[in-house]
Amino acid sequence: MPELPEVETVVQQLASVLPGKVVATEELIDLDIVGRRIERIYRKQKIIVVELTGEVVLLVHLKMTGQLIYEDKNKKQKDRVVGGHPTSDWVGSLPSKHTRAIISFKDGSKLFFNDQRKFGWLRLMDKSDWEKKVSALPPDVVDVGFTLAYLTNVLAKSSRAVKLVILDQAKMGGMGNIYANDALNIAKIHPKTPSNQLKTDAVKRLYAAMIRVIEAGISAGGASYSHFVGIEGQGGTYQDQFVVYDREGKACFNCGGVIKKISLGGRGTYFCPNCQLQ
Ligand SMILES: [Zn+2]
């Protein structure tokens, strides 16, 4: 599952090529987008939002294995914009057997949506309905609305394990498993600590660490964490700077302790029992 930094990365790249393009044809989907021009592309939580003329938005969720691949009219592989689940389709010929949608633009460029496991989706929605929906969503951890006061308030209201609270997308958007593990280690907080028992200083450390790891992820272009790491150098590189995630048995960067792995809420949870005390 791509996390916020991976989605943000593909959105930033697509924002440099898509705005202004007019849809010429849609294949394998029937969304009524032909003739519409792309005005803007941005991200909310892990949803990719493409604003189109006619007061509608095309929403894309990559889920587990979705990909977006943009190819310009010259079809040069080096000019492709790729994002989402890294597989050989990033560099192979398109469409592939995993292609679920092809959007062709009047200038000859194309956008492919591929998805091996088919959990991802594309949806068209009225812009006003979407904006109403967004206003009811909690802030993403990179939004201006995500303040120390906001986090303090959310944590104080729950006795659940802090890791589960910061992963709860109904409370705050975009803190995925990799980044939650890393932020808790940097903040020296045990992932199972009941969130309402965190002291003011711990909440401050956690807030700073959450922002730090998400921003590091975005700067690294996300984490291309799969068997296909490094396809033609197009993937993100946050996996080279994992703090505790996927480092079971290795030394903690804070204290040299040995990193342990447990399961919490069904997710792989990595922490250092020496410096992340309950
Ligand atoms: Zn440690």
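The values are calculated or read from the model by the stated rules, or taken from the named source; none is laboratory data. Since this is a predicted model, take the numbers as computed values, not measurements. Using ideal geometry, Cβ is built from the backbone for each residue, glycine included, and neighbour counts are taken over all protein chains shown. Heads up: the accessible areas ignore ligands, DNA and RNA and are worked out on the full protein's heavy atoms, side chains in. Shrake-Rupley method; radii C 1.70, N 1.55, O 1.52, S 1.80 Å.
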Could you please find all residues in the range 125-178 being in contact (Cβ under 8 Å) with a residue 40 or more places away in the chain and hydroxyl-bearing (Ser, Thr, Tyr)?
SER128, THR152
If LYS75 satisfies every condition in (1) in contact with a helix residue (DSSP H, G or I) (Cβ under 9 Å, 6 or more places away or on another chain); (2) under 19 Å from HIS98 (Cα atoms) but one, which is the exception?
(1)
Identity of the residue in the range 197-235, open to solvent by less than 10 Å² (accessible area, probe 1.4 Å) and part of a loop (DSSP other than H, G, I, E, B), that ends up modelled with the lowest pLDDT
SER224
Name the single residue that is nearest to PRO273 (Cα to Cα) among those in the range 179-215 being within 19 Å of the chain's Cα centre (by Cα) and of a type in the set (Val, Ile, Thr).
VAL213
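How about the range 58-91: which of its residues are part of a loop (DSSP other than H, G, I, E, B), among the hydrophobic types (A, V, I, L, M, F, W, C) and buried (at least 21 other Cβ atoms within 10 Å of the Cβ)?
Selection gives LEU62 alone.
Can you go through GLY108, GLY35 and tell me which one is in contact with a Gly (Cβ under 9 Å, 6 or more places away or on another chain) and open to solvent by 10 Å² or more (accessible area, probe 1.4 Å)?
That would be GLY35, the only listed residue that is in contact with a Gly (Cβ under 9 Å, 6 or more places away or on another chain) and open to solvent by 10 Å² or more (accessible area, probe 1.4 Å).
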Residue under evaluation LYS132, criteria (1) under 24 Å from GLY268 (Cβ atoms); (2) open to solvent by 50 Å² or more (accessible area, probe 1.4 Å), criterion not met
(1)
Limited to the range 38-53, what total is found for residues that are touching a Lys or Arg at 6+ places or on another chain (Cβ under 7 Å) and either open to solvent by 60 Å² or more (accessible area, probe 1.4 Å) or within 19 Å of ARG80 (Cα to Cα) (or both)?
1
Applying the selection to the range 257-278, what residues are more than 7 Å from the ligand (Cβ to nearest atom) and assigned to a loop (DSSP other than H, G, I, E, B)?
ILE259, GLY265, GLY266, PRO273, LEU277, GLN278
What is the number of the single condition among (1) under 17 Å from LEU4 (Cβ atoms); (2) away from the ligand (no atom under 16 Å from the Cβ); (3) surrounded by 15 or more Cβ atoms within 10 Å (Cβ to Cβ) that LEU164 does not meet?
(1)
Quick one: ASN114 ticks every box in (1) loosely packed, with under 15 Cβ neighbours inside 10 Å; (2) modelled with pLDDT of 95 or more; (3) touching a Lys or Arg at 6+ places or on another chain (Cβ under 8 Å) bar one, so which box is it?
(1)
Condition check: over 26 Å from LYS44 (Cα atoms), at pLDDT 90 or above, open to solvent by less than 40 Å² (accessible area, probe 1.4 Å) and not aromatic (Phe, Trp, Tyr). Does ILE189 satisfy that?
yes
Kindly indicate the residue of the range 243-258 that is in contact (Cβ under 8 Å) with a residue 24 or more places away in the chain and touching a strand residue (DSSP E or B) at 6+ places or on another chain (Cβ under 8 Å) and also farthest from GLY221 (Cα to Cα) among those meeting that condition.
CYS252
Would you be able to say whether some residue in the range 38-54 is aromatic (Phe, Trp, Tyr), closer than 29 Å to VAL142 by Cβ and not in a strand (DSSP E or B)?
no
Identify all residues within the range 176-194 that are in a helix (DSSP H, G or I) and either small (Gly, Ala, Ser) or within 16 Å of the ligand (Cβ to nearest atom) (or both); write none if there are none.
ALA180, ASN181, ASP182, ALA183, LEU184, ASN185, ILE186
